[in-house]
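A quick write-up on the structure given underneath.
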Amino acid sequence: MYPETNTLPIRPLVDNAGRTIDYLRLSITDRCNLRCLYCMPTEGVSWMPHDEVLRFEETLHICRIMATLGIKTVKVTGGEPLVRRGAVDFIRELKTVDGIDSVTMTSNGVLLGEHLPALTAAGLDAVNISLDTLDGEKFRHITRADGFDSILPAVNQAVELGLKVKINCVPIRGFNEDDVIKLAALAKSGRITVRFIELMPLGEASALKPIPADELVSMIEGEYGPMRPSTVKLGFGPAVYYTLPGFTGYIGLISAVTHRFCNGCNRLRLTAAGFLKPCLTSDIGLDLRGLVRNGVSDGEIVGAIRELVKKKPAGHSFGVVDNEVNKINMFRIGG
C-alpha cells in the first residue's frame, strides 16, 4: 500500500540544539480502563471518534518513515494500549520494521497478564507497568477502578517470561507517599526496576501536590542506604538509575520538573490522532494523519518532519500559566 518508504536514505534527525532524535513515544489509543486522578477527570470524558484514530496500517507506515529518519526505539502507549483490539498484532508488525531496534510498551497492568504470552511471542522487548500503591483500597481511590489484584501477578509473569520490567510510580503528596518505601522494595530481590516519576503539572494533575525527586532520594536512602548511580544502561529515555546496598534491581528517578533534562531529550510523540509533537508541552506539531490520508509522498512527509524537529523547543514549559497545552490531560497526548 505504501511502496515508497524503503527507498528513502537514512539520515538521522538532529534538532537545532544538536540533539539527536531517535525515540518515538507512540500512542495507539486515548482510551483507558482506569480513571487515575492525575490523568483524567472523574466524569465527562469524551473518547476520540474511531475514524479520527490512526489505523494500524497508517501507523506502521509512519513508523517506517520514522525509521528512515533514525528512530530506533518505539514506546507503545495509550491511554491503555491493550484496550485497543489488535494491539498485540500491531506490535508484532512493528517489530519487523527495518531500523527499529527496540519496541516497548507502557501498561497499567490490569489486562497485561492475559496478553503476556502473545506479547512475548510478538517480540516485545520490555514493559513499563504503572503502579502507584501496593494497597488495594488506595489503588481504587487513585484509579477510581478495580483491577489491583491482577497487577502484581502480571509483573511476576512478565519477569518469568524474560521481559525487562519497570514499575512506574507517580508519588503524590497526601495520597501515596507511604508507598514509596514499599514499592522501592520490589527492586530489592527481583529483576525489576522501580521508577519514581515526578508529577507533571498537566490537566488534572495541576491541582495535586508533587513530591520532589530530592525528597524521594532522602526517603529511600533513609530506609535502604546510599543510592549510587548505575553504570548499566537501563533505557533510552531521561531516567537516572541507581543501585542500593543489597538490591539486585534498580531504582530510577524521572524528575522532569525539579531537574529538567531537556538538554538530553531524544524523543518525539505521536498521538493516537496522528499528531506529531516535538515536546510534551509544545503547541506546535504536524498532522501526519492528514498527510498520509491525503496521499502526500513519503519524501514530502520526511521534509515536514525535519522542519518540525528544527522547531523543537529547547525546554518544556511546565509552570507557564498561560500555556494552553498544560491544561490538556496526559491521556490525550499519550502517556
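Key figures
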| quantity | calculated |
| --- | --- |
| Residue list for the stretch 250-275, restricted to those being within 14 Å of PRO313 (Cα to Cα) and touching a Leu at 6+ places or on another chain (Cβ under 9 Å) | ARG267, LEU268, ARG269 |
| The one condition in (1) touching a strand residue (DSSP E or B) at 6+ places or on another chain (Cβ under 6 Å); (2) of a type in the set (Val, Ile, Thr); (3) farther than 30 Å from LEU13 by Cβ that VAL103 fails to fulfil | (3) |
| Scan of the stretch 202-247 for residues that are surrounded by 13 or more Cβ atoms within 10 Å (Cβ to Cβ), more than 25 Å from the chain's Cα centre (by Cα) and of a type in the set (S, T, N, Q), ordered by number | none |
| Boolean, ASP98 is part of a loop (DSSP other than H, G, I, E, B) and either modelled with pLDDT of 95 or more or in contact with a Cys (Cβ under 6 Å, 6 or more places away or on another chain) (or both) | yes |
| Residue in the stretch 256-279 that is modelled with pLDDT under 95, of a type in the set (D, E, K, R), touching a His at 6+ places or on another chain (Cβ under 8 Å) and surrounded by fewer than 21 Cβ atoms within 10 Å (Cβ to Cβ) present | yes |
| Complete set of residues in the stretch 134-166 that are in a helix (DSSP H, G or I), without any contact (Cβ under 8 Å) to a residue 60 or more places away in the chain and under 19 Å from the mean Cα position of the chain (by Cα) | ILE151, ALA154, VAL155, ALA158 |
| Complete set of residues in the stretch 109-152 that are of a type in the set (A, V, I, L, M) and over 30 Å from GLU93 (Cα atoms) | LEU134, ILE142, ALA145 |
| Qualifying residue in the stretch 54-73 (condition: β-branched (Val, Ile, Thr), part of a strand (DSSP E or B) and modelled with pLDDT of 95 or more) | yes |
| Enumeration of residues in the stretch 220-234 that are part of a loop (DSSP other than H, G, I, E, B) and among the hydrophobic types (A, V, I, L, M, F, W, C) | MET227, VAL232, LEU234 |
| From the options GLU43, GLU52, GLU57, residue that is surrounded by fewer than 21 Cβ atoms within 10 Å (Cβ to Cβ), free of Cβ contacts under 8 Å to residues at least 40 places away in the same chain and not polar (S, T, N, Q) | GLU43 |
| ILE91 in a helix (DSSP H, G or I), of a type in the set (A, V, I, L, M), surrounded by 18 or more Cβ atoms within 10 Å (Cβ to Cβ) and in contact with a strand residue (DSSP E or B) (Cβ under 9 Å, 6 or more places away or on another chain) | yes |
| Residue that is under 20 Å from the mean Cα position of the chain (by Cα), in contact (Cβ under 8 Å) with a residue 12 or more places away in the chain, closer than 28 Å to PRO201 by Cα and part of a helix (DSSP H, G or I), where the choices are LEU34, LEU82 | LEU82 |
| Pick from the stretch 283-295, criterion touching a helix residue (DSSP H, G or I) at 6+ places or on another chain (Cβ under 8 Å) and assigned to a loop (DSSP other than H, G, I, E, B), ranking: surrounded by the most Cβ atoms within 10 Å (Cβ to Cβ) | GLY285 |
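Per-residue answers, yes or no, for (1) closer than 25 Å to PRO41 by Cβ; (2) surrounded by 20 or more Cβ atoms within 10 Å (Cβ to Cβ); (3) of a type in the set (S, T, N, Q):
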| site | (1), (2), (3) |
| --- | --- |
| GLU137 | yes, no, no |
| ASN176 | yes, yes, yes |
| ALA184 | no, yes, no |
| GLU198 | yes, yes, no |
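Yes/no per residue for (1) part of a strand (DSSP E or B); (2) over 23 Å from LEU112 (Cβ atoms):
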position	(1), (2)
ASN168	yes, no
GLY174	no, yes
SER206	no, yes
SER218	no, yes
TYR242	yes, yes
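The values are calculated or read from the model by the stated rules, or taken from the named source; none is laboratory data. Quantities reported herein were computed from a predicted structural model and do not represent experimental measurements. Cβ coordinates were reconstructed from backbone atoms using ideal geometry, including for glycine residues, and neighbour counts include every protein chain displayed.
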